[in-house]
Each structure stands twice: as C-alpha cells, then as structure tokens.
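**Q** Right, I'll just put the structure down here and ask away after.
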Amino acid sequence: MLIDRLSKYIKYKIDRVFNKGLLYQLMILTLIIVISLFIISVLMRIFFNYPILEAFWDSLMQFIDTGNISAAEADRGFNGVVIIFLGVTFFGVCGWGLLIAMINNSLQERIKNLSNGNAFIMERNHSIILGYGEEALTIISEFISGRAKKIVLLSEANPDEIKKRISFFPNYKKTNIVIREGNPSIFENLKMLNIERAHSVTIVNDDDVKSLKILLSLKKILKSASHIKKIDICILVNKKESIEIISSINDSELFDIHIIYKYEILYKLIGQSITYTGLSSIYEELFDVSGIDIRIEYNNQNKTFEELSSIYLKKKRNINGFSS
C-alpha cells in the first residue's frame, strides 16, 4: 500500500513538472538520462570490472551516437558489454525521439497560444477591431485601401476562416494584419492588445450590452496607462436607446467616442439616394478611397469663406461646405 501511494505521488509530481513547459521537460529528461547512464556504469563495473568513468563516457557516446556500437564490438568483442551498449543505443533512439516530440509539442502549443491571443501585442499606432462579421470585414477592406499599416483583430471567430476571407482583399499583403481569437468582452484579452499605444479602436458587436462592457474596460485600461495618448473609439450601435448611455461614458481626456447607429445611417443613405438624383454618385466618391479625397477640417481660424477658398485653391483643393 505504501509503495503504491509513493509511486502515485512521484508520478503526480513528475506530471506537475512536465505541465510547466519545455524547459522543465528538458530538465526531467536530462536527469533521467544521467541517472540511467550512471546506473548502467555501476552495473558494468560490478559485472565486467569496467571503470565507472570510462563506462559512463562510453555509454554516453552510445546514447549520443547511436551508430557507434561497432567501436565497442571491436574493442571488447561480442559479449555482455556489447549487449548493454545495444540497450543504451535503443535507449538513445527513444530519448532523441522523445526530445523531438517535446520540442514539436512546445512549438505547436506556442503557435496555438499566439493565435488565441495569449501574447502581448508590441505594435504601436495600430488600428484595433473588436468583433467580427461582414461589418468588420468591410472595415478591414477600407483600412487596407486607406493604406493602414497595422491592423489588429480580436474576435471569437476562427482565425483561419478570417484569414481566408481577408486573402481575397486587394493589397492585403502590404498591411500587417494580426488576427487573435478570444472574447473581446474579457478584460484580460483587451490588456494584451496594447490599447494605450493604439491609433484607434473599432467595436463591432451585435449586442450593445457587450459593446458597453468593452467600452468600460477600455476606459479602465486607458486610465491606468502610464502615459496619456488620446485615441478615437468608433462603436457600432444596434439600438437607438443605447446611444445616450454610451455617450455618457465619453472621456475627452482619454478618448473620443464616435457612435454610428448603423440602421439609421443605412436607411438614410438608401432614402436620400432615391430621393435626390445623383447623390449616390457623391456617396460613391466619398466612400471610395482611391477616388476624390474628401476631408473634414475644423481649424478655420475664424476666416471667411472667400479667404478659405483662396487658401485651398492655391493647394489645388475645393471647399464643398463651410461652418462657422
């Protein structure tokens, strides 16, 4: 009973060490190899009067170089020593195979952790998209067209499926796109995205409650940041009554919230395009990054429309609207 409990305890401890990672696995494997070769050296000393140090060295060479058995045979003849060396050679083959398996499993686990978002993002001035859907794919496409250099996407969707969809976008290879799998509503997942160094954050979600939770987590992260860098947060809202609640969270020192009530905007675009002939062409130009560049500028410095028109004409630009 005592021996059984002791063996179970030792097995439990070994399993705990193996679960700590590759470094501990290699330490255990090395320890087992050294102890096994030492025991073999002692047995060779007892049964064949083989010097312990020489036996340990020869056994180690047999373990490392599994094709070196002929050297022992020529030196000692085919006897018990050679049989032991054959056993060490077999042990070496198994040991090297186990080592390769450990390294392979560790690499596979590392790759899985990276794709699951378990590694910190070291990017700066990156555009973060939280959530997935056709809206997120459209946003990524626009970012690529707008020559965005770094895009980070965190969603619960399969990364391979997202990569397959993105691979059909023109010029997608020119943009560094990091795709992570994880729940954006979980605070720890957001901490991995280096939010305080980001250029912007876009929240795409079918549930406004989850979007609100994400927004509160972002606010907490930015408040605890060692440096303050104001960022833009764009959030897609599904219900009109959520707009006022989300607006109340805005913090002008940390971020600017841009709320888009997607259904209202979509239906307005459809209605206006039908009512006013030619308006759809203007919208097409507005949404086409490769076409006419339409900008909104706020710093007019109390100048008149005539003065601003003269300034922008010199820059080969036109003013389409003016607000004092």
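The values are calculated or read from the model by the stated rules, or taken from the named source; none is laboratory data. Given the structure is predicted, the values throughout are model-derived calculations rather than measurements. Note that we place each Cβ from the backbone using ideal geometry, even for glycine, and neighbour counts take in every protein chain shown. What goes into the accessible areas is simple: the full protein's heavy atoms, side chains included, and nothing from ligands, DNA or RNA. Shrake-Rupley method; radii C 1.70, N 1.55, O 1.52, S 1.80 Å.
**Q** Between residues in the range 29-56 that are without any contact (Cβ under 8 Å) to a residue 60 or more places away in the chain and within 25 Å of Ile10 (Cα to Cα) and residues that are hydrophobic (A, V, I, L, M, F, W, C) and open to solvent by less than 90 Å² (accessible area, probe 1.4 Å), which pairs lie under 6 Å by C-beta distance while being six or more apart or on different chains?
**A** Leu37/Phe56; Leu37/Leu60; Ser41/Ile52; Ser41/Ala55; Ser41/Phe56
**Q** Filter the range 151-182 down to the residues that are without any contact (Cβ under 8 Å) to a residue 40 or more places away in the chain and closer than 15 Å to Asn194 by Cβ and list them by number.
**A** Correct list: Ile151, Leu153, Leu154.
**Q** A further question on this structure: Considering only residues of the range 240-257 that are in contact with a helix residue (DSSP H, G or I) (Cβ under 8 Å, 6 or more places away or on another chain) and open to solvent by 50 Å² or more (accessible area, probe 1.4 Å), which is farthest from His199 (Cα to Cα)?
**A** So the residue we want is Lys240.
**Q** Run Ile274 past the list (1) out of contact with any Asp or Glu (no Cβ under 7 Å at 6 or more places or on another chain); (2) under 25 Å from Leu137 (Cβ atoms) and report the number of the one that doesn't hold.
**A** Ile274 satisfies every listed condition except (2).
**Q** Next question, about the same structure. Here are Ser155, Ser167, Ser141, Ser185: which of them is crowded, with 21+ Cβ neighbours inside 10 Å and farther than 19 Å from Arg124 by Cα?
**A** Of the residues listed, the single one that is crowded, with 21+ Cβ neighbours inside 10 Å and farther than 19 Å from Arg124 by Cα is Ser155.
**Q** Just to be sure, is Lys230 open to solvent by 90 Å² or more (accessible area, probe 1.4 Å) and not aliphatic (A, V, I, L, M)?
**A** Numbers: open to solvent by 90 Å² or more (accessible area, probe 1.4 Å): yes; not aliphatic (A, V, I, L, M): yes.
It is true that Lys230 is open to solvent by 90 Å² or more (accessible area, probe 1.4 Å) and not aliphatic (A, V, I, L, M).
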